[in-house]
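The values are calculated or read from the model by the stated rules, or taken from the named source; none is laboratory data. For clarity, every value in this text was computed on a predicted model and none was experimentally measured. Neighbour counts run over all protein chains shown; Cβ positions are idealised from the backbone, glycine included.
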Amino acid sequence: MRVAYQGMRGAYSEEAALRHFGAPCQPVPCAFSEQVFDAVESGSADFGLLPVENSIVGPVTVNEDLFLRKPAFIIAETYLRIEHCLLGLPGSALTKLSTVYSHPVALEQCRDFLAARHLGSIPEYDTAGAAELVASRGRRQDAAIASKRCAEVYGLSVLAENIQNARENFTRFAVFVRSNRIPPGQVMEKTSIAFSAKHKPGALLDCLRRFAENGVNLLRLESRPVPEDPFQYIFLADLVGGLKDAGLAAALEALCGEAGFVKVLGSYPAAPRP
């Protein structure tokens with residue numbers, strides 16, 4: 001099965017795909033998240049996988065916004081522990097390094113390690129890309145922050161492991177298909193939706209009350225701006241229950257009468273929380 005993800009070989013997203021799907025997985029790297037959706041829509045990939053939330057930095061907003069716009073349906077979630085490693089050329093020494101490359105979020109998550117060793121940092125568009133850059137340049141004073149898998153892929157040495165500031169660092173990924181390709185017998189235990197509240201006093205409270213009245217537990221609520229309508233917001237919510245559950249179905253029906261806009265982003269098995 002072909003699984004599209006954003007990044008290069010060795011990226012954390014590739015690792016998440018391989019762990020979630022196992023041996024049948026054929027990873028399809030894409031430079032941008034939009035191309036992951038395009039691959040799924042065109043049929044060149046069977047599934048898409050993108051990060052949607054990190055336990056330290058919070059939501060991955062660029063991907064959340066794409067789920068709002070694209071005709072995709074989330075069928076699974078999966079968690080991956082993020083363990084940043086410092087990678088250098090074979091024979092490099094930690095004491096001889098001067099510059100470290102990585103994604104800006106990875107650099108920030110490893111700030112304490114870098115500061116303690118007076119290492120300069122330069123952002124790259126992703127962690128795997130930074131590893132490839134260090135490998136191709138061949139400069140022993142350079143290093144990358146990336147996954148241990150990147151060391152194998154690009155022929156680098158692991159100079160230090162688990163260098164992030166917070167040891168408990170997890171990313172949640174969403175697995176999705178085209179909205180008309182939902183697998184038969186799809187298990188639905190958790191549902192993600194987007195909705196807008198009308199412009200009147202207590203409008204958001206009225207929307208949220210529909211969940212409480214029908215016994216639906218709200219796991220997460222977040223607001224996102226609407227670029228086409230300045231200073232207007234869409235709310236993203238994760239709910240306990242599947243689309244076929246009577247309580248959730250009733251809550252969504254009531255919400256459609258209360259909200260200005262409602263979109264179901266997906267309904268899927270609830271992955272074990274780390």
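Just need a number here: residues in the range 82-103 that are of a type in the set (Val, Ile, Thr), surrounded by fewer than 21 Cβ atoms within 10 Å (Cβ to Cβ) and touching a residue at least 40 places away in the same chain (Cβ under 8 Å). Before you say what the answer is, go through the steps one by one.
Applying the first criterion (of a type in the set (Val, Ile, Thr)) to the range 82-103 yields 82, 95, 99-100.
Narrowing the set further to residues that are surrounded by fewer than 21 Cβ atoms within 10 Å (Cβ to Cβ) leaves 95, 99.
Then keep just the ones that are touching a residue at least 40 places away in the same chain (Cβ under 8 Å); that gives 99.
Summing the residues that are of a type in the set (Val, Ile, Thr), surrounded by fewer than 21 Cβ atoms within 10 Å (Cβ to Cβ) and touching a residue at least 40 places away in the same chain (Cβ under 8 Å) in the range 82-103 gives 1.
With respect to Leu94, is the statement that it is assigned by TED's automatic domain parsing to the domain that holds Phe47 and more than 19 Å from Tyr5 (Cβ to Cβ) true? The answer is no for Leu94. For the range 199-211, a residue qualifies if it is out of contact with any Leu (no Cβ under 8 Å at 6 or more places or on another chain) and of a type in the set (A, V, I, L, M), and the qualifying residues are Ala203, Leu204, Leu205. Give the residue that is nearest to His199 (Cα to Cα), with candidates limited to residues of the range 228-274 that are of a type in the set (A, V, I, L, M) and within 17 Å of the chain's Cα centre (by Cα). Ranking the candidates gives Leu236 first. The set of residues in the range 205-231 that are within 15 Å of Ala251 (Cβ to Cβ) and either touching a strand residue (DSSP E or B) at 6+ places or on another chain (Cβ under 9 Å) or modelled with pLDDT under 90 (or both) comprises Cys207, Leu208, Phe211, Ala212, Val216, Asn217, Leu218, Leu219, Leu221.
Under 21 Å from Glu152 (Cβ atoms) and surrounded by 22 or more Cβ atoms within 10 Å (Cβ to Cβ): is that true of Ala106 in this structure? So Ala106 fits the description; yes.
You will find that of Ala16, Ala45, Ala72, Ala76, the residue that is outside the structural domain of Ala146 (by TED's automatic domain parsing) and under 25 Å from Ala135 (Cβ atoms) is Ala16 and no other. The residue list Asp46, Asp65, Asp112 contains one member that is surrounded by fewer than 20 Cβ atoms within 10 Å (Cβ to Cβ), more than 20 Å from Ala17 (Cα to Cα) and in contact (Cβ under 8 Å) with a residue 60 or more places away in the chain, which is Asp65.
Only one of Gly129, Gly88 is small (Gly, Ala, Ser) and within 25 Å of the chain's Cα centre (by Cα). Can you tell me which?
Details: Gly88 fails: within 25 Å of the chain's Cα centre (by Cα).
Of Gly129, Gly88, the one residue that is small (Gly, Ala, Ser) and within 25 Å of the chain's Cα centre (by Cα) is Gly129.
Pairs linking a residue in the range 172-200 that is over 11 Å from Leu265 (Cβ atoms) and modelled with pLDDT of 95 or more to a residue that is assigned to a loop (DSSP other than H, G, I, E, B) and hydroxyl-bearing (Ser, Thr, Tyr), with Cβ atoms under 9 Å and 6 or more positions apart or on different chains, are Arg172/Ser55.
Which condition from (1) more than 23 Å from the chain's Cα centre (by Cα); (2) without any contact (Cβ under 8 Å) to a residue 12 or more places away in the chain; (3) over 22 Å from Ser179 (Cα atoms) is the one that Pro225 breaks? With respect to (1) more than 23 Å from the chain's Cα centre (by Cα); (2) without any contact (Cβ under 8 Å) to a residue 12 or more places away in the chain; (3) over 22 Å from Ser179 (Cα atoms), Pro225 is out only on (1). Of the helices (runs of 4 or more DSSP H) lying entirely inside the range 6-78, those containing at least 2 residues that are of a type in the set (A, V, I, L, M) and out of contact with any strand residue (DSSP E or B) (no Cβ under 6 Å at 6 or more places or on another chain) span 61-69.
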